[in-house]
Structures are given as structure tokens and as C-alpha cells.
Amino acid sequence: MPASSYSNLPADADIELRNRCTRWLNGHRPLKSMRDSLLALAELPEAALPLDVYGQGQAIQALEAEVAALLGKPAARFMHKGVAAQLAALRVHCGEGDGPVALHPQSHIAIDEAEAFEKLMGLRGLRIGRTDRPSRIEEVMAAPEQPAVVTVELPLRRGGYVLPEWDDLVALSRWCRERGVPLHFDGARLWEAAAHYGRPLAEIAALADSVYVSFYKGLGGLAGCVLAGSEAFIAQLAPWQTRLAGNLFTVHPFVLSALQGLRAQLPHVPAYRERARALAPRLAAEAGWRVAPEQPQVNAFQLHLPVAPEPLRQALLEVARRDGFWLGARAVPSHLIAGGAMVEVVIGDAAEGWSDADAVAAWRAAAALAAG
């Protein structure tokens, strides 16, 4: 499945419709314009600081220090894009070699980054794991060769936002360290994963040698991410950040929005998870509907409906026009229901504007429209 077909981002015409709605199912309440977004950032106390220049500045260093402390790592570096951050991390871990890089076949690094680690970095992938479940320690141990680096996506989005068992993650970390194999966490949604494990972020991050976290997904930032690890690891990233066009002249809007997300959204992530876990069984109770996983582990899950993807997409847009409830604008073929469609449900602060009963009713309306 191409990465583009899996995107939950609306097209330009859909954005206008989304902005006219009064309720939104997924994520955080959208700001209606760039002006609104910038004015909100201007209210932060750090907005009065000087602009950062090529990665140097009070605000960006404060952000890096804050995230390093949250993750319990000695150092951290802000980067503009997760793809560049993870490519740099894998290249540093592999040194002058070509890998192999152990990763799940459904991982973001393999699919959504269009295999850039192979195509751009010349690394080899060692794809380990089965569909819709995280890679397991015994699968890594049974690999035909020892990896140069092991990656784990927490949670595995394309598998239904699923996480490995804690004991399995600990065992994998121990196995890697006994063999001197770096372990890298693709933690774009690590903020959300911590609520499932019921453990501090630092305790989870301590299992890995390097950790990537994103600011624009669960935290609602504009863009950007942080890589955290040892001081030596972070120092080695510098030339690769430049080579990957990541050393921008200034990134202050991204930095401000990251700080805003840490303050405004991170404390509420456990509540978003509980809301997802309450909504999922109500949707699954509808005849012919399925959710995956059956009990969400984070604040997101898949919803599978017995209608075709394109009619469902048109129905979603009609519900938005008619009822002012934005359920999304993307549907892809379901692998659980023959001929059906799959959509993602991701809970954020927008859920404050509707009840679970409202959401079920809206999905019923969309499914009925799609079925004709």
C-alpha cells in the first residue's frame, strides 16, 4: 500500500470543508488560519527571545534540554523532519558499514519514509516480524545475521497502533546490549505509548541507545522532532544533519509549537487513551464493524467498515457538509473485511466537542450513506 494512500491529511478542498465544521473526530481542534496559529505561538513567553540561528538559541536549547530530561538522556538535538532524523541516527549507528538494519516490514522507516535508509543511505534492511503485530525477541534472535542496529516503532502505526509487551521490550534491549548492537526507538508516538506501559518516559527510553520523538503528531506542533541519546551520539549527528538539509537558518516557529505541545497536550495524553478505549467497543458493537486492536493500547485504533473505500470517503464529506462533523477524509481497503474500508481514529482534544454517542451516530450515518 503506497504511503500516500494511508495518509490522514485532507486535500486543499477538504481543508476548507474541515474548517467550516464545528466538531472534529480526530486529533486536536484545528486552527482556522496561519494567522491564528502564529498569534497563538506569539503568546508563549519564549516568543520574546531572539530567533535561533543554525541551531543555536535560548529557546531551541531549552527545548532540547527539556526533552533530554523527559527521556532521561544526556543530550538531544532538534531536527526539522523525522525522516532526516532517523536516517541520521541509522547512519551513525551503522558507522561505515551497510547494516543490516533490523526493522518491522510495516514500520514507518520502511514504508512511510519510502525506504530512504536503503535508497539514500545505502543501508540494508533486515525485515523481521509478522503483519499487524510488533516484532518479537525470538524473531530477532532467529534472524539470518546479526543486525548492525535494531529499530522498534512505538507504537507500530500500520499494525493498528500496537505495542510490544514490556517484558519483550526489556528482553530485546538486554539482547542488544549483550551483543553491542544499538537499539533505536522510532518513538514518533512515544508520548502516547508511555500511558499504555504506565511507566515514565525515561524508563522506556532507557532501554534504547537512541530515541526519536515527534512534536507534530500527538502534541499538535507545526513540525519537527528531537533525537536523544549519549553526548557522543548527538555529536556524531551534526554532519549528517547538514548533509540531510536539516540545519535550517531558523526553526523558531517549530520550536515554539513544540514547547506549546509539551505544555498543552502531553499532560492529557493518558486521558486521550482512556477516551479511545471507551469509544472503540461502542463502534465494535455495531453489526459488521470491527476495530483493531480490539482494545486500543494508545489513543488511536483502526475502524473497519463493510463498505468500499471511495463511497465511504464521499460519505464522510457529506456528513461534514450536512452535519458539521469532520470524521476525516481518507479511507483505504480493509484487510479484515473483504471489500471493506479502514479508517483511523485518533483521539485528541477535539474529542471534548462530542460524546461517544455522537461519534457512533455520525459513523452510522456515514456507513449508511456509503452503502447506498
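Residue 330 - would you say it is assigned by TED's automatic domain parsing to the domain that holds residue 12, more than 21 Å from residue 281 (Cα to Cα) and without any contact (Cβ under 8 Å) to a residue 60 or more places away in the chain? Step through it out loud before you land on a result.
On the way: assigned by TED's automatic domain parsing to the domain that holds residue 12: yes; more than 21 Å from residue 281 (Cα to Cα): yes; without any contact (Cβ under 8 Å) to a residue 60 or more places away in the chain: no.
No, not satisfied.
When you check residue 73 against the structure, is it of a type in the set (Lys, Arg), modelled with pLDDT of 95 or more and either exposed (fewer than 14 other Cβ atoms within 10 Å of the Cβ) or under 29 Å from residue 15 (Cβ atoms) (or both), yes or no? Don't jump to the end; show me each part of the working.
On the way: of a type in the set (Lys, Arg): yes; modelled with pLDDT of 95 or more: yes; either exposed (fewer than 14 other Cβ atoms within 10 Å of the Cβ) or under 29 Å from residue 15 (Cβ atoms) (or both): no.
Spelling it out, it is not the case that residue 73 is of a type in the set (Lys, Arg), modelled with pLDDT of 95 or more and either exposed (fewer than 14 other Cβ atoms within 10 Å of the Cβ) or under 29 Å from residue 15 (Cβ atoms) (or both).
Counting only residues that are within 18 Å of residue 189 (Cα to Cα) and either of a type in the set (A, V, I, L, M) or over 21 Å from the mean Cα position of the chain (by Cα) (or both), which one in the stretch 47-70 is surrounded by the most Cβ atoms within 10 Å (Cβ to Cβ)?
Keep residues of the stretch 47-70 that are within 18 Å of residue 189 (Cα to Cα), which gives 63-64, 66-70.
Now restrict to residues that are either of a type in the set (A, V, I, L, M) or over 21 Å from the mean Cα position of the chain (by Cα) (or both): 63, 67-70.
Working: 63: 25, 67: 23, 68: 22, 69: 13, 70: 21.
For the stretch 47-70, the residue satisfying everything is 63.
Take residue 42 and tell me if it is surrounded by 12 or more Cβ atoms within 10 Å (Cβ to Cβ) and not basic (Lys, Arg). I'd like the intermediate steps shown before the answer.
Values: surrounded by 12 or more Cβ atoms within 10 Å (Cβ to Cβ): no; not basic (Lys, Arg): yes.
For residue 42, the condition - surrounded by 12 or more Cβ atoms within 10 Å (Cβ to Cβ) and not basic (Lys, Arg) - is not met.
Which fully enclosed helices (runs of 4 or more DSSP H) of the stretch 234-331 have 3 or more residues being out of contact with any Asp or Glu (no Cβ under 6 Å at 6 or more places or on another chain) and more than 30 Å from residue 79 (Cα to Cα)?
Details: elements: 252-264, 269-284, 309-323.
Of the helices (runs of 4 or more DSSP H) lying wholly inside the stretch 234-331, those with at least 3 residues that are out of contact with any Asp or Glu (no Cβ under 6 Å at 6 or more places or on another chain) and more than 30 Å from residue 79 (Cα to Cα) span 269-284, 309-323.
For the stretch 161-207, name all the residues that are of a type in the set (Gly, Ala, Ser), in contact (Cβ under 8 Å) with a residue 24 or more places away in the chain, surrounded by fewer than 23 Cβ atoms within 10 Å (Cβ to Cβ) and not in a helix (DSSP H, G or I).
206, the sole residue that qualifies.
Go through the stretch 11-56 residue by residue and tally those that are farther than 30 Å from residue 361 by Cα and in contact with a Phe, Trp or Tyr (Cβ under 6 Å, 6 or more places away or on another chain).
Residues flagged as farther than 30 Å from residue 361 by Cα and in contact with a Phe, Trp or Tyr (Cβ under 6 Å, 6 or more places away or on another chain) within the stretch 11-56 amount to 0.
Of all the residues that make up the stretch 10-39, how many are part of a loop (DSSP other than H, G, I, E, B) and closer than 20 Å to residue 346 by Cα? Break it down into steps so the answer makes sense when it comes.
Initially, the stretch 10-39 is screened for residues part of a loop (DSSP other than H, G, I, E, B), giving 10-11, 21-22, 25-26, 28-33.
Then drop every residue that is not closer than 20 Å to residue 346 by Cα, which leaves 10-11, 21-22, 25-26, 28-32.
Of the residues in that region, 11 qualify.
If you take the residues in the stretch 309-356 that are buried (at least 17 other Cβ atoms within 10 Å of the Cβ) and among the acidic types (Asp, Glu), which one is nearest to residue 28 (Cα to Cα)?
The extreme case among them is 344.
Which ranges mark the helices (runs of 4 or more DSSP H) fully within the stretch 40-145 that have 2 or more residues being of a type in the set (A, V, I, L, M)?
Working: elements: 58-71, 82-94, 116-119, 137-141.
It comes to 58-71, 82-94, 137-141.
The values are calculated or read from the model by the stated rules, or taken from the named source; none is laboratory data. Since this is a predicted model, take the numbers as computed values, not measurements. Cβ sites come from the backbone with ideal geometry, for glycine too, and all protein chains shown count toward neighbours.
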